[in-house]
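*Asks:* The structure's right below; bear with me while I get my questions together.
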Amino acid sequence: MKFAYKFSNLLGAFYRHGNLCFSKDGNSVISPVGNRISVFDLKNNKSETLPVSTTKNISCLGISPDGNLAILIDEDGAAVLVSLVTRAVLHHHHFHSPVHSVSFSPDGKKFVITKENVALMYHAPGRNREFNAFALDKSYYGPFDETTCIDWTDDSKCFAVGSKDMTTWIFGAERWANLIYYSLGGHKDIIVGCFFEKDSLDMYTVSQEGTLCVWESDTELEGLRNETRGDVIKGRTDTPKQVEGIKNVRYSQRSKHYFNKAGDFNKLTAAAFHKKTHILVTGFASGAFHLHELPEFDLIHSLSISDQRISTIAMNPTGDWIGFGCSGLGQLLVWEWQSESYVFKQQGHFNNMNSLAYSPDGQYLVTGGDDGKVKVWNTNSGLCFVTFTEHSSSVTNVAFTSSGFVVVSASLDGTVRAFDLHRYRNFRTMTSPRPAQFSSLAVDSSGELVCAGSQDSFEIFLWSMQTGRLLEVLSGHEGPVSSLCFSPVQSVLASVSWDKTVRLWDMLDSWETKETLRLTSDGLAVTYRPDGQELAVASLDGEITFWNPQTGGQAGSIAGRHDLQMGRKETEKITAKQSAKGKSFTSLCYSADGESILAGGQSKCVCIYNIKEHVLMKKFEISCNLSLDAMEEFLDRRKMTEFGSLSLVDEGTGDGDGVELSLPGVKRGDMSSRRFKPEIRVSSLCFSPTGRSWAAASTEGLLIYSLDASLVFDPYDLDMDVTPASIRQQVKKKEWASAILLSFRLNEMPLIREVLEAVPYDQITVVCSSLPDVYVDKLLNFVASTLEKSNHLQFYLSWAQCLLTLHGQKLKNRSGAVLPTVQQLLKSIQRHSDDLSKLCDWNIYNIRYAAALSKQRGMKRTAAESLIHTKISPSCSKAHMEHEM
C-alpha cells in the first residue's frame, strides 16, 4: 500500500448522549456521538467528526467563549482538552467520578464542573504552555444530593448550581463579602435548569415536575464587595456572617408558573435560556417543547418534534436557532423558531446497521438497518438526504444498480424493494410465491436481474427489474443462503450457503448450476474481484479462500481467525481466546485495484490482506469505546465478586439484585432491562469505486476511512540529482515536461501542485503529448484527486481533457488499473457540476427577480409621470385661456 488509510468521518450517528453546544459564530452545532464529537456546519450543510476520542461515551462537553477549546468528559469522569482549531488533544485529566455538567465562565478565565454534590472551579487553560492545564481554584459544597446544571452571570462574578435535592445554590466566583453562598428552594422535584437574568443576579429555576420560579435579588452585580480569599466554600457548615456596613444579598420569589395543565403531568427533561432575547425553551418527555418569554411567562410557541423524550436543548448566540437532541432515537434537530422551520433534521439508524453499498461514482452510500429503514448518504457532506420506510422488518442487504439512480433492498419482511433516487419513491416491490425471509441480495451489472437468497427455504429467487416478475427459483442449496454476488464481466451468479458449498449459476443458459465449489466449513460471505477473475469466500472456520471461477480450482487461502482479536463479553464464562475459536469473518470486500481484500466480523478489528502474498497488511481498530461490550480481552478482576461482575449490576434498579443478563443470541443486549451494552461488531464492509476510501457499518455507526496522502513520502525512481531546488530550476528554464517528471520522481504533493500550476495554459497540450506512459497514470491520478478541492476548475479540467484525448487508447488497454482514477475524476467533476448548477440557478433567480422589480418600478414611474402630466395639463390650459382674455 502506497498510502495509509485513516479515519475521516462518522456517518449514521448524530447524537447519543450528553449536551449540545453551538460554535461561537452560531453556524455550527457540536454534538457528542458515542466517544467522539461531530461538528455539523449548518450554513454549508456538512458534517465532520473530529479525530479524537475518549475512553467511554461522552457525558458532557463545554466550549470556551472564544470557540477554540473544548473539554470532553466521559461517563467515568475522564476529561480530554481538545483544540477545535488544530483538532488535536492538548491534555488529559481524570476527575475520578462521573461529572454531570461543565461550563466555562463568560470571560474564559475559569470553568466549573459539577460531580456528586460538589462544584469544582478550575483555572481555564490559557495560551501559555502549562504543566498542568487543569489547576483547581476552589471547591464549593452546599447541595445534599447530586448536582445537575450550571449557569454564570454575564460578568463571571457568580455562578449557580442546580441539584437533585430540589435546591439551587448561588456561589461567588470570588470571595464576596455580601455573597458567599445562597440557597433557593421552592421546588418539589429535581432542578433541570437554573438561569441568571442578563447583567443581573435575578434568577429563573426550572424543575422536573414542570415548575418555573422567578427570583428577584435586592442587590445588583456592581453591589458585590470583595473579601479575603478562601480555598474551600462550605455552604452547609459556614453560616454567612453580616459584615459591618455591608448588607448581604437576599432573594425573594417574585412569581411561580406551571408548564403542565391541571390533571396533566408531562415530565420536563431539558431547558435552555437566551439572556438577550429573554426566551426560555423547555423540552418534555413526550417530545414536545415550549417557548416562553420571561419574566411574564408568555407562551410564544409550542410544538411536538419527536415521540421520544428531549434529552438536551441548546440555543445559538443570536437566539434564532434552537438545537434539540433525542437520545432514544439518535435525533438531532435545529429549529428556527421565528420562521417555524427546520434548519437541520437528521436521524441515524436507531438499531443495528446491517449493510451498506457505494454508488458507482462513489458519491453516495446506502445503508439498511434493523429498524426497517433504508437511508442514502452523501459522502461529501456526510448527511442523509433521503430515508425510505416502506419495509416492515429488518433490512438485511442493500445494493445500487449500475446506473447509480436505483437502490435495491432485501428484508426479513419477505419483500425486495427498488427505490428511485430521482423521484424518491418505491417503484418496484418483488415478492416470492411463498413467504420467505431474504438474507442476501445481488444485482447484475446491467441492472436488469435482481436475486435474493432465503434463509428459511434455502432457495434463490430471481426477478426482472423491468417488469418486477419472478423469473426463476434456483434450488440446490441444502442450507440458508448467506451471500450472493454477480460477476462483473459475465452473467454468472455466485451463491454461498451454510451447506459448505459455493454454487456458480449461469444466467444465460437456463439458470443451471455451472460449478459447485466445496468448502471445509459453512460459507458466510462471497465476493468477486473487480475484474471477475477471482472469487473470495469467507467460511465459519475463520478462513478466506480464493478460487478461480473459470476452472473451479482453489488459488489460495488465508487463515484469519487469529487476526480477529476478540474481546470477552462481561457475561461470558470463557476467555476471549477460547471464544475466538468460534468467531469468523462475516463480510468481505476487494479493493478497487483488486490487490487487497478487506475482512471484518464480530470484533472491533477490520483486517486488510495482500492477496498475492497472503499476508496481513494492516489491522484497523474501529473503536476504543469501553462503553461497548466485548472491547477488552481480559475482564477487570477488581470488579469480580462471588455473585458475578459488578459492571452487570444496575445501581438504579432498586428491586432485587439488579443483575442484568442478556438472552442467548441477542445482539444489542437485553432490551427488557433498564440499561444494556451493545456488542462491538462489523456487519458490512465496502470499498469506494474510486479506491480512495472504504466504509464499515458497525455498532458505532458508519465509519469512513480515507487515504492520508499528505504525510507519506513515496519517491519513484529517485536519485541524487532530484531535489526541490533542481525542480524549481527547471521551472525557471521553462522546461515544463522535465520539471513535471522530476516532481513525480520526488513525489511531494505540494511540489507537484506548484510545478503543475506554473505551466502556461497554452503549453498543456504540448506537455501532455511528451509524457511517458508511466507518468500519464500518475498525472491523471493527481489531477483527479486535486480537482475535488481545487478552485482552478478550468485549468485542471484542461489537463484531464488533454490526457484522456492524447492517451485515451493506451489507457483503455489497461482499464483495470486506471478505472479507480477515472471514477475519482468523474466524482470530482460531478461534485463541481452540482455546486455550480446550484450557484447558476440562484443567480438566474436573482437576475429574474431584479428584472421583475425594475420593470415594476418602471411601470410605477410611468404611471406617476402620466398622473402628474394630467394634473399639469388642465392648469396650463386654464392659464393660457386667461392670458388670451
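The values are calculated or read from the model by the stated rules, or taken from the named source; none is laboratory data. These numbers were taken from a predicted model, which means no experiment stands behind them. With ideal geometry, Cβ positions are generated from the backbone for all residues, glycine too; neighbour counts draw on all protein chains shown. Accessible surface is based on the protein model in full, side chains and every heavy atom, while ligands, DNA and RNA are left aside. Shrake-Rupley method; radii C 1.70, N 1.55, O 1.52, S 1.80 Å.
*Asks:* Is at least one residue of region 103-118 over 24 Å from residue 312 (Cβ atoms), of a type outside the set (S, T, N, Q) and in contact with a Ser or Thr (Cβ under 9 Å, 6 or more places away or on another chain)? Reasoning before the result, please.
*Replies:* Here is the first cut: in region 103-118, the residues over 24 Å from residue 312 (Cβ atoms) are 107, 109.
Add one more test, that the residue is of a type outside the set (S, T, N, Q), and what stays is 107, 109.
Applying the additional criterion that residues be in contact with a Ser or Thr (Cβ under 9 Å, 6 or more places away or on another chain) yields 107, 109.
The answer is yes, given that some residue of region 103-118 is over 24 Å from residue 312 (Cβ atoms), of a type outside the set (S, T, N, Q) and in contact with a Ser or Thr (Cβ under 9 Å, 6 or more places away or on another chain).
Residue by residue, here is whether (1) open to solvent by 20 Å² or more (accessible area, probe 1.4 Å); (2) modelled with pLDDT of 90 or more; (3) closer than 23 Å to residue 396 by Cα holds:
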residue: 460; (1), (2), (3): no, yes, yes
residue: 464; (1), (2), (3): no, yes, yes
residue: 473; (1), (2), (3): yes, yes, yes
residue: 491; (1), (2), (3): yes, no, no
residue: 494; (1), (2), (3): no, yes, yes
residue: 497; (1), (2), (3): no, yes, yes
residue: 500; (1), (2), (3): yes, yes, yes
residue: 503; (1), (2), (3): yes, yes, yes
residue: 516; (1), (2), (3): yes, yes, no
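*Asks:* Given 830, 823, which one is open to solvent by 50 Å² or more (accessible area, probe 1.4 Å) and under 30 Å from residue 596 (Cα atoms)?
*Replies:* Details: 823 fails: open to solvent by 50 Å² or more (accessible area, probe 1.4 Å).
Matching residue, one of 830, 823: 830.
Results for (1) open to solvent by 60 Å² or more (accessible area, probe 1.4 Å); (2) of a type in the set (Lys, Arg); (3) modelled with pLDDT of 85 or more, shown as yes or no for each residue.
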| residue | (1), (2), (3) |
| --- | --- |
| 644 | no, no, no |
| 666 | no, no, no |
| 674 | yes, yes, no |
| 679 | no, no, no |
| 685 | no, no, yes |
| 695 | no, no, yes |
| 707 | no, no, no |
| 724 | no, no, no |
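*Asks:* Just one of 131, 159 is open to solvent by 40 Å² or more (accessible area, probe 1.4 Å) and either of a type in the set (Lys, Arg) or over 32 Å from the mean Cα position of the chain (by Cα) (or both); which is it? Break it down into steps so the answer makes sense when it comes.
*Replies:* Values: 159 fails: open to solvent by 40 Å² or more (accessible area, probe 1.4 Å).
Of the residues listed, the single one that is open to solvent by 40 Å² or more (accessible area, probe 1.4 Å) and either of a type in the set (Lys, Arg) or over 32 Å from the mean Cα position of the chain (by Cα) (or both) is 131.
*Asks:* Also, quick follow-up: How many residues, within region 424-446, are within 25 Å of residue 532 (Cβ to Cβ) and surrounded by fewer than 19 Cβ atoms within 10 Å (Cβ to Cβ)?
*Replies:* 2
*Asks:* Just for strands (runs of 3 or more DSSP E) wholly inside region 352-406: which have at least 3 residues that are surrounded by fewer than 19 Cβ atoms within 10 Å (Cβ to Cβ) and touching a strand residue (DSSP E or B) at 6+ places or on another chain (Cβ under 9 Å)?
*Replies:* On the way: elements: 353-358, 364-369, 374-378, 384-388, 395-400.
Once the strands (runs of 3 or more DSSP E) in region 352-406 are filtered for at least 3 residues that are surrounded by fewer than 19 Cβ atoms within 10 Å (Cβ to Cβ) and touching a strand residue (DSSP E or B) at 6+ places or on another chain (Cβ under 9 Å), what remains is 384-388.
*Asks:* Here is a further query. Kindly indicate the residue of region 612-625 that is in contact with a strand residue (DSSP E or B) (Cβ under 6 Å, 6 or more places away or on another chain) and touching a residue at least 60 places away in the same chain (Cβ under 8 Å) and also most open to solvent (accessible area, probe 1.4 Å) among those meeting that condition.
*Replies:* Residue satisfying both the conditions and the ranking: 618.
*Asks:* From the set of residues in region 593-611 that are open to solvent by 20 Å² or more (accessible area, probe 1.4 Å) and either in contact (Cβ under 8 Å) with a residue 24 or more places away in the chain or among the polar types (S, T, N, Q) (or both), which is farthest from residue 694 (Cα to Cα)?
*Replies:* The initial filter retains those residues of region 593-611 that are open to solvent by 20 Å² or more (accessible area, probe 1.4 Å), namely 593, 595, 602, 604, 610.
Going one step further and asking which of them are either in contact (Cβ under 8 Å) with a residue 24 or more places away in the chain or among the polar types (S, T, N, Q) (or both), we end up with 593, 602, 604, 610.
Working: 593: 13, 602: 18, 604: 16, 610: 16 Å.
Looking at residues that are open to solvent by 20 Å² or more (accessible area, probe 1.4 Å) and either in contact (Cβ under 8 Å) with a residue 24 or more places away in the chain or among the polar types (S, T, N, Q) (or both), I get 602.
*Asks:* Within the bounds of region 521-536, is there any residue that is under 17 Å from residue 606 (Cα atoms), at pLDDT 90 or above and touching a helix residue (DSSP H, G or I) at 6+ places or on another chain (Cβ under 9 Å)?
*Replies:* No, because not a single residue in region 521-536 is under 17 Å from residue 606 (Cα atoms), at pLDDT 90 or above and touching a helix residue (DSSP H, G or I) at 6+ places or on another chain (Cβ under 9 Å).
*Asks:* Let me ask something additional. Tell me which residues, restricted to region 289-300, are open to solvent by 20 Å² or more (accessible area, probe 1.4 Å) and on the phi < 0 side of the Ramachandran plot.
*Replies:* The answer is 290, 293, 295, 296, 298, 299, 300.
*Asks:* Here is a check on your reading of the model: is residue 569 touching a strand residue (DSSP E or B) at 6+ places or on another chain (Cβ under 6 Å) and assigned to a loop (DSSP other than H, G, I, E, B)? Spell out the reasoning first.
*Replies:* Numbers: touching a strand residue (DSSP E or B) at 6+ places or on another chain (Cβ under 6 Å): yes; assigned to a loop (DSSP other than H, G, I, E, B): yes.
Answer is yes for this residue.
*Asks:* Still on this structure, please answer the following. How about region 60-154: which strands (runs of 3 or more DSSP E) wholly inside it have at least 2 residues that are of a type in the set (Ser, Thr, Tyr) and at pLDDT below 90?
*Replies:* In region 60-154, no matching strands (runs of 3 or more DSSP E) lie anywhere.
*Asks:* Going through region 240-271 one residue at a time, which ones are modelled with pLDDT under 60, open to solvent by 100 Å² or more (accessible area, probe 1.4 Å) and within 50 Å of the chain's Cα centre (by Cα)? Walk me through it before giving the result.
*Replies:* Within region 240-271, the subset modelled with pLDDT under 60 is 240-245, 262-263.
Applying the additional criterion that residues be open to solvent by 100 Å² or more (accessible area, probe 1.4 Å) yields 241-242, 244, 262.
Hit for region 240-271 is 262, nothing else.
*Asks:* I would also like to ask the following. I need the full set of residues from region 477-508 which are in contact with a Ser or Thr (Cβ under 9 Å, 6 or more places away or on another chain) and of a type in the set (Asp, Glu), in order please.
*Replies:* 478, 506
*Asks:* Please give the number of the condition residue 187 fails out of (1) free of Cβ contacts under 8 Å to residues at least 24 places away in the same chain; (2) part of a loop (DSSP other than H, G, I, E, B).
*Replies:* Residue 187 satisfies every listed condition except (1).
*Asks:* State which residue pairs qualify: first residue touching a residue at least 60 places away in the same chain (Cβ under 8 Å) and over 24 Å from residue 626 (Cα atoms) and inside region 50-71, second residue open to solvent by less than 30 Å² (accessible area, probe 1.4 Å) and in a strand (DSSP E or B) in any location, beta carbons under 9 Å apart, and separation of 6 or more residues or different chains.
*Replies:* Sorted first by the residue in region 50-71, then by its partner, the pairs are 64/70; 64/71; 64/104; 64/111.
*Asks:* Working carefully through the options 147, 153, find the one that is within 24 Å of residue 219 (Cα to Cα), touching a residue at least 40 places away in the same chain (Cβ under 8 Å) and buried (at least 22 other Cβ atoms within 10 Å of the Cβ). Show your work before the answer.
*Replies:* Working: 147 fails: within 24 Å of residue 219 (Cα to Cα).
So the residue among 147, 153 that is within 24 Å of residue 219 (Cα to Cα), touching a residue at least 40 places away in the same chain (Cβ under 8 Å) and buried (at least 22 other Cβ atoms within 10 Å of the Cβ) is 153.
*Asks:* Taking into account only those residues within region 21-35 that are touching a residue at least 60 places away in the same chain (Cβ under 8 Å) and either open to solvent by less than 10 Å² (accessible area, probe 1.4 Å) or of a type in the set (Lys, Arg) (or both), which is farthest from residue 323 (Cα to Cα)?
*Replies:* 35
*Asks:* Cβ-Cβ distance below 6 Å, separation of 6 or more or different chains: which pairs start in region 808-836 with a residue that is within 17 Å of residue 768 (Cβ to Cβ) and among the acidic types (Asp, Glu) and end on one that is assigned to a helix (DSSP H, G or I) and open to solvent by less than 80 Å² (accessible area, probe 1.4 Å)?
*Replies:* Qualifying pairs under 6 Å: none.
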